[in-house]
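Structure, as structure tokens:
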Amino acid sequence: MHILVMTAWWQSALACIQSFGRRGHRITLIDIGEMPVNSQSMYVSNVIPQPLSNLPLEEACDALIAITVEHKIDLVIPISDADAEITALARAKTSNMDLFPTGSVEAVRIMRSRNRTTELCAELGIDTPETVFTHTETLTSDAEKRGYPFFLKQSGSVASRGVARIDNERVLRSVAKNIRPGTEIQMQEVVYGDMVGMTAFCREGAVLKSFAFQTPYVLSHRGNPPFATVKKETPHLLDYMTKIASHLNWSGGIDLDFLQDRDGKTYLLEINPRLSGTIVFAQKIGVDFPSAYLNVEDEVFVPGLNRNADGFICLLTESGYLQRDFRRWSAFANEFRTEHRCVNSAFPDDPGFSGAMHTECMSNIGMGCELAKKRSRPGFLRSILKPRRPNRPS
């Protein structure tokens with residue numbers, strides 16, 4: 001098959017490239033972004049650099065359909081939230097579910113609207129943080145009535161973009177001046193706890209496979225987390241996933257983001273009409289989500305496969321954290337590797353991808369390390385880069 005993978009610089013695109021390529025399918029990428037590491041994979045045969053998400057929806061849809069005709073594409077894999085809406089519209093226009101395996105445009109729009117997501121959860125009996133719907137015109141007065149702190153969330157945003165913690169009126173003014181008039185906004189209570197993600201693949205409302213992971217809240221602010229652990233015993237989360245998928249009659253990838261508070265109660269924060277970026281974690285422990293698009297369950301070789309692993313390291317994201325604060329995150333990384341049986345996002349038998357990722361990671365780490373050297377006391381870097389041996393009895 002000739003498969004088009006959209007928004008190719010995202011981590012879930014990497015999982016698709018590795019899964020489809022190792023099965024012998026031809027892969028074309030679209031929108032490689034500013035970080036074209038994935039496009040260097042030996043499994044990629046063609047790259048179309050243009051991003052469709054920057055175009056008006058109808059124009060993007062027509063451009064996608066034209067690409068599938070020109071390049072004789074057999075299957076289109078949406079990666080981002082915008083991809084999902086473009087693909088859903090293309091499916092509606094062509095009535096070609098085999099080429100565009102996704103749900104309806106209306107289902108995508110419910111997921112992309114934070115307000116409609118909250119309303120859907122209320123209808124299905126799924127807990128969400130206490131929420132107030134507001135608009136740019138009433139934001140200041142609504143904030144005064146509600147009180148601080150709260151999270152301000154804009155619909156249509158991706159990952160943590162469009163989300164800001166508001167602790168006082170000064171911060172609110174700073175954030176509000178950059179919000180376009182008419183934007184759908186909500187104020188949501190602050191809940192303290194860890195982030196939990198559940199991703200699934202569905203067909204006509206039925207959940208075919210699912211995977212759940214957890215990460216500390218502090219690692220959830222920049223999209224795909226650098227470190228994650230397997231989340232076990234999640235029947236209530238799967239029940240939520242089943243309710244949502246069935247209600248929306250969803251087909252394709254879907255991702256639910258939860259917050260679990262200190263008492264173990266979970267609150268749904270958002271629904272994404274796509275697979276999670278952390279499906280590389282699932283892939284490395286034997287759960288291959290991209291294969292569901294092909295309706296196959298045959299296994300392919302994946303380097304570093306470990307079905308018993310309970311921890312995951314996204315190396316590229318980790319290097320970004322090290323670049324920002326080397327001292328803090330190198331210590332965290334060492335401790336995480338010590339405490340967990342880890343798999344990571346490396347595919348060492350794919351030389352093009354591996355070389356590009358190594359270059360990018362080392363550049364980030366080098367910049368972070370140099371900055372840390374300027375701020376560190378002598379010997380500090382050695383102590384965090386090389387974990388100390390446990391004390392031996394005399």
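Under the classification rounded if a/c is under 1.5, otherwise prolate if a/b is larger than b/c and oblate if not, where does the range 1-126 fall, given a ≥ b ≥ c as square roots of the Cα gyration tensor eigenvalues?
Because a/c hits 1.5 or more and a/b exceeds b/c, the range 1-126 counts as prolate.
Lys/Arg Cβ at +1, Asp/Glu Cβ at -1, dipole of the range 212-293 taken about the Cα centre: which of F289, L238, I271 is farthest positive-ward?
In the range 212-293, that residue is F289.
Show me the ranking of peptides 341-351, 316-326 by mean Cβ neighbours inside 10 Å, starting with the highest. Walk me through the intermediate numbers first.
On the way: 341-351: 18.0, 316-326: 21.0.
In decreasing order of mean packing, 341-351, 316-326 become 316-326, 341-351.
Taking the mean number of other Cβ atoms within 10 Å as a proxy for protection, how do you rank 234-241, 74-81 from highest to lowest?
Taking the mean over residues of other Cβ atoms within 10 Å, the ranking is 74-81, 234-241.
Report the gain in length on full extension from E233 to E204: 0.36 nm times residue separation, minus Cα-Cα distance, nm rounded to one decimal.
Using 0.36 nm per residue and subtracting the Cα-Cα distance, I get 7.9 nm.
Distance cut-off 31 Å, Cα to Cα: go down the list K145/K177; K72/K153; K145/K265 and report the pairs above it. Please list the in-between numbers first.
Details: K145/K177 20 Å; K72/K153 40 Å; K145/K265 27 Å.
Correct reply: K72/K153.
Using a 10 Å cut-off on Cβ atoms, rank the peptides 6-13, 364-371, 36-43 from the highest mean neighbour count down.
6-13, 36-43, 364-371
Can you give me the Rg/Rh ratio for the range 259-355, using Cα atoms for both radii and the Kirkwood formula for Rh? Walk me through the intermediate numbers first.
Values: Rg = 16.0 Å, Rh = 15.8 Å.
Using Cα coordinates only, the ratio equals 1.01.
Express in nm, to one decimal, how much length is gained between S104 and E169 on full extension, taking 0.36 nm for each residue of separation and deducting their alpha carbon distance.
19.4 nm
Add +1 for every Lys or Arg and -1 for every Asp or Glu among the other residues with Cβ under 15 Å from the Cβ of F150, and state the total.
For residues surrounding F150, the net value is +1.
Considering the options S113, S53, H135, tell which one lies farthest towards the positive end of the dipole of the range 26-137, charges being +1 on Lys and Arg and -1 on Asp and Glu at the Cβ, about the Cα centre.
Farthest towards the positive pole: S53.
Could you check the simple spin-label distance between D349 and A92, using points 7 Å along Cα→Cβ, in nm with one decimal?
So the label points at D349 and A92 sit 4.3 nm apart.
Modelled label-to-label distance, V296 and D263, 7 Å Cα→beta-carbon offset: nm?
About 4.9 nm separates the two model spin labels.
Mind telling me which of G21, G125, G304 comes out most flexible in a GNM of the chain, alpha-carbon contacts under 10 Å?
G125
Leaving out ligands and nucleic acids, note down the accessible area per residue over the range 198-289 with a 1.4 angstrom probe, in whole Å².
In whole numbers, the range 198-289 has 35 Å² accessible per residue.
Quick check of the Kirkwood formula: for the chain, what is the inverse mean of 1/r over all pairs of different Cα atoms, in Å?
Result for the chain stands at 22.2 Å.
How big is the convex hull of the Cα atoms of the range 158-215, per residue, in Å³? Working shown, then result.
Details: hull volume 8.2 nm³, N = 58.
It comes to 142 Å³ per residue, whole-number rounded.
Under a 5 Å amide H to amide H cut-off, with H placed in plane at 1.01 Å, what residues pair with A206 once short-range neighbours are removed?
It is none; the list stays empty.
Gain in length, R180 to M35, computed as 0.36 nm per residue apart minus the alpha-carbon separation, to one decimal in nm?
49.4 nm
Cα-based Rg (one decimal) and Dmax (whole number) for the range 77-173, in Å?
Using the Cα atoms of the range 77-173, the pair Rg, Dmax is 16.8, 51 Å.
The values are calculated or read from the model by the stated rules, or taken from the named source; none is laboratory data. Bear in mind that the values here come from a model prediction, so they are computed numbers and not experimental data. We place every Cβ from the backbone using ideal geometry, glycine too, and count neighbours over all the protein chains shown. Just the protein is used for accessible areas: all its heavy atoms, side chains included, with ligands, DNA and RNA removed. Shrake-Rupley method; radii C 1.70, N 1.55, O 1.52, S 1.80 Å.
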